[in-house]
Amino acid sequence: GVGLALASKKFAVEIDPKVEEVRQVLPGANCGGCGFAGCDSYAEAVVAGEASAAACPPGGSDVMAKIADILGMPLDAQERNVASVMCAGPCTEENKKYQYHGIAGCRAVSMLSGGNKGCSYGCLGLGTCKNNCPFDAISISGDGIAVVNEDKCTGCGRCTEVCPRGIIQLVPASQGVRVLCSSKDRGKTVKEYCKVGCIGCQICVRACKFDAITFEDNLPKIDYDKCTGCMVCVEKCPTKSIHGDLSKRKTASIDQDGCIGCTVCIKACKFDAIEGERKQKHKVLEDKCVGCGLCAVKCPKDAITIQ
């Protein structure tokens with residue numbers, strides 16, 4: 001016993017006290033969202049400079065700020081990501097290939113002819129993602145579709161890893177426009193098994209004035225670095241496979257005291273939503289404004305706000 005005690009002191013590995021400080025401020029979820037085995041491993045890595053202080057999704061901005069303070073380093077603000085289920089097609093009896101009675105899990109049913117759903121790309125609805133979510137952020141709707149509670153979601157990515165069809169993706173939380181379809185089939189085939197699936201018409205691609213939508217594998221793909229959240233694609237999509245809450249659409253507002261009538265905003269607006277003569281106060285036409293924010297960016301007097 002004495003020998004072991006002496007050996008433990010002689011060969012003890014010194015631990016940086018900052019590791020324990022960082023560990024104390026972490027949420028302790030051990031979800032792996034940071035890319036490490038758990039909170040202990042992440043704490044060691046971030047102190048060693050091998051991981052970012054902003055890599056803990058469950059901790060959010062508060063934990064990130066505390067870690068940066070402990071390490072005495074600046075923290076670059078990062079966009080919060082949330083999980084999004086790229087499927088809106090209900091799993092009804094009519095579009096099932098067969099009745100499944102077995103292990104309640106998406107991985108199990110997917111091993112039988114690719115699953116029992118008519119769409120070979122859609123959500124199987126048996127809750128594998130729900131059961132693996134450590135934050136209780138996923139539920140299964142009455143239509144048999146996984147639904148994410150974005151207020152609870154931390155963007156840890158556990159659900160994306162276990163989904164056998166890979167239809168759960170992490171997207172910026174601030175972006176309300178989502179493509180809720182994963183089918184790579186052609187439009188004619190999609191119509192046979194889903195009323196809300198993408199039919200490949202590419203109306204969204206043509207409607208987007210910011211080149212934020214491309215078309216790959218018979219599906220629209222949104223570049224969120226270019227997307228302004230104007231939701232024109234949501235309005236134009238005939239099957240509503242591109243989803244967005246139009247009640248939350250933003251709109252521009254011009255401060256009449258700050259406006260100098262330079263017409264810069266009028267020239268910048270791609271929707272003809274601003275009117276006014278030169279050297280006169282300008283006005284936003286609310287029925288045309290889509291809240292893209294381009295006018296606010298261009299205004300030399302910062303007289304335009306997006307609400």
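The values are calculated or read from the model by the stated rules, or taken from the named source; none is laboratory data. What you see is a predicted model; the values in this text were computed from it and never measured. Neighbour counts are summed over all protein chains in view; Cβ atoms, including those assigned to glycine, are modelled from backbone coordinates with ideal geometry. These area figures cover heavy atoms from the full protein model, side chains too; ligands, DNA and RNA do not enter into them. Shrake-Rupley method; radii C 1.70, N 1.55, O 1.52, S 1.80 Å.
Given the options CYS237, CYS227, CYS269, which has the most mean-square fluctuation in a GNM of the chain, springs set between C-alpha atoms less than 10 angstrom apart?
Of CYS237, CYS227, CYS269, the most mobile in the Gaussian network model is CYS269.
Can you work out the accessible area per residue across the chain, with the rest of the protein chains kept in place, probe 1.4 Å, in square angstrom?
57
Can you bin the range 106-236 into rounded, prolate or oblate? Criterion: square roots of the alpha carbon gyration tensor eigenvalues sorted a ≥ b ≥ c, rounded for a/c under 1.5, prolate for a/b above b/c, oblate for the rest.
Judged from the Cα gyration tensor, the range 106-236 comes out oblate (a/c at least 1.5, b/c at or above a/b).
What base-10 log of the normalised intensity I(q)/I(0) is obtained for the range 232-283 from the Debye formula, alpha carbons as equal point scatterers, at q = 0.14, 0.15, 0.29 Å⁻¹?
Once normalised to I(0) and log-transformed, intensities are -0.51, -0.56, -1.11.
Take the cross-link list LYS191/LYS236; LYS152/LYS226; LYS117/LYS184; LYS236/LYS283; LYS270/LYS298; LYS226/LYS279 and give me the ones stretching past 21 Å between alpha-carbons.
LYS152/LYS226; LYS236/LYS283; LYS226/LYS279
So if each residue of separation counts as 0.36 nm, and I subtract the Cα-Cα distance between ARG80 and ALA37, what length gain in nm does that give?
13.4 nm
Could you calculate the FRET efficiency of PHE215 with ASP69 from 1/(1 + (r/R0)^6), where r is the beta carbon distance between them and R0 is 45 Å, rounded to 0.05?
Efficiency at R0 = 45 Å is approximately 0.50.
Using +1 on the beta carbon of Lys and Arg, -1 on that of Asp and Glu, and nothing else charged, what's the dipole of the chain about the Cα centre, debye to 20?
Around 1100 debye, computed over the chain.
Would you please classify the overall shape of the range 261-304 from the alpha carbon gyration tensor, given that a ≥ b ≥ c denote the square roots of the eigenvalues, rounded means a/c under 1.5, and beyond that prolate means a/b larger than b/c while oblate covers the rest?
Cα axes put the range 261-304 in the oblate bin.
Can you give the Kirkwood hydrodynamic radius for the range 182-307, in Å, rounded to one decimal and based on Cα pairs?
This gives a value of 16.0 Å.
Quick one: among GLY276, GLY122, GLY229, which has the greatest mean-square fluctuation in a GNM of the chain with alpha-carbon springs under 10 angstrom?
GLY276
What does the helix-only formula give at 222 nm for the chain: each DSSP H stretch with n ≥ 4 adding -39500 (n - 2.57), the total divided by the residues, and the result rounded to the nearest 500 deg cm²/dmol?
Value at 222 nm, helices only: -6500 deg cm²/dmol.
Can you tell me how the chain classifies by the Cα gyration tensor, rounded, prolate or oblate, using a/c under 1.5 as the rounded cut?
Oblate is the answer for the chain, as a/c is 1.5 or above yet b/c matches or exceeds a/b.
For the chain, what's the relative contact order in percent, using C-alpha pairs closer than 8 Å and at least 6 residues apart?
12
Using a 1.4 Å probe and counting only protein heavy atoms, arrange SER182, SER241 so the residue with the most accessible area comes first.
From most exposed to least exposed: SER182, SER241.
Nearest 0.05, what FRET efficiency do GLU275 and SER113 give at R0 = 51 Å with Cβ-Cβ as r?
For GLU275 and SER113, the calculated efficiency is 0.30.
Over the Cα atoms of the range 18-71, Rg to Rh with Kirkwood Rh, two decimal places?
The Rg/Rh ratio comes out at 0.88.
Mind jotting down a quarter of the surface of the convex hull over the alpha carbons of the range 15-125, in square nanometres, one decimal?
The number I arrive at for the range 15-125 is 9.5 nm².
Could you work out the mean projected area of the convex hull around the alpha carbons of the range 120-179, in square nanometres to one decimal?
If you wrap the Cα atoms of the range 120-179 in a convex hull and average its projections, you get 4.2 nm².
Taking the Cα centre as origin and putting +1 on Lys and Arg beta-carbons and -1 on Asp and Glu beta-carbons, what dipole magnitude results for the range 176-264, to the nearest 20 debye?
440
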